[in-house]
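Nothing in this text is a laboratory measurement; each read-out follows from the coordinates by a stated rule. Being a predicted model, the structure only gives us computed values, none of them experimental. Neighbour counts run over all protein chains shown; Cβ positions are idealised from the backbone, glycine included.
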Amino acid sequence: MSEVMDEERRRRYLAAMEIPLWRSREAPPPTPAESPPEAMEASPAVEATSERSSEAAVDTLDWAGLEARVAACTACPELVANRSRTVFGVGDRQARLMLVGEAPGADEDRLGEPFVGRAGKLLDAMLRAIGLSRGQVFIANILKCRPPGNRDPRPEEAAHCLPFLERQIQLLAPRLLLSLGRISAQHLLRTQAPVGRLRGQVHRVEIAGLALPLVVTYHPAYLLRSPAQKAKSWDDLRKVWELLREE
Ligand code: URA
């Protein structure tokens, strides 16, 4: 693809993210991929309480077994009473990039897929900006069930659900994790620091025996409310693109 086409494509993507073009001239992003890049401190050893003693441990399950275990989970009574379905995660199970959000919202609860509402549309545009489609990454959440009224996950809910996410990470063994928003970043990095302090650097996390780089960016729903922060998210995505390109 020619330089001119690359520039055009970059402008289209920035427009899709509604990032003003003046910003991109000030700090030119790397050329979008000619051919797009393919594609916890260990969390507490909490076993999902849905696990009966006769059942295999979560960290021994394959993808199908894990998906079935999540669908059958009854560990959090309030979430179980309010959910339409669990939202396991979606994408390429050999992806190099794994995105971790917070928890399903109303649209996700209805459709069973993460990030399908307005925030999801923005997330798709953000991925396109670095030459990736939703099918080339894997997207999951800290919680697999929708918290009523989209409240924050409770610590005990996250503790019940994290073994599922850890097993997903272990099975996927991605090259890079991207935390979308505060809840994801704080759980994966085991910190209370705000996103503004956590973004702009490449963290290293140990999850399920894997040492993985992790980049933090703003949650797309926050970017919809605070569009002025989109330029910072674009910087974060450029970093993701660079890290994937280095592989
Ligand atoms: N917000 C999230 O964090 N995850 C989703 O799946 C949808 C919205």
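Need the full-extension length gain, Arg225 to Glu156, defined as separation in residues times 0.36 nm minus the C-alpha distance. One decimal, nm. Please list the in-between numbers first.
Values: separation 69, 0.36 × 69 = 24.84 nm, distance 2.84 nm.
That works out to 22.0 nm of additional length.
Per residue of the stretch 241-247, what does 6.51 cos²θ - 1.76 cosθ + 1.60 with θ = phi - 60° give for ³J(HN,Hα)? Whole Hz please, x for Gly and Pro, Karplus curve as stated.
Calculated HN-Hα couplings, in order: 4, 4, 5, 5, 5, 5, 5 Hz.
What three numbers, in Å, describe the spread of the alpha carbons of the stretch 112-247 along their principal axes, ordered from the longest?
That gives 35, 35, 30 Å along the principal axes, largest extent first.
At what distance in nm do the modelled label points of Arg110 and Thr60 sit from each other, each positioned 7 Å from its Cα along Cα→Cβ?
Those two pseudo-labels are separated by 4.1 nm.
What's the center-to-center distance, using Cα atoms, between the stretch 86-111 and the stretch 181-215 in Å?
Cα centres, the stretch 86-111 to the stretch 181-215: 18 Å.
Students often check this: by mean Cβ neighbours within 10 Å, which of 189-195, 132-138 ranks highest, and how do the rest follow?
132-138, 189-195
Under a crude label model (7 Å from the Cα following the beta-carbon direction), how far is Ala71 from Glu247 in nanometres?
2.8 nm
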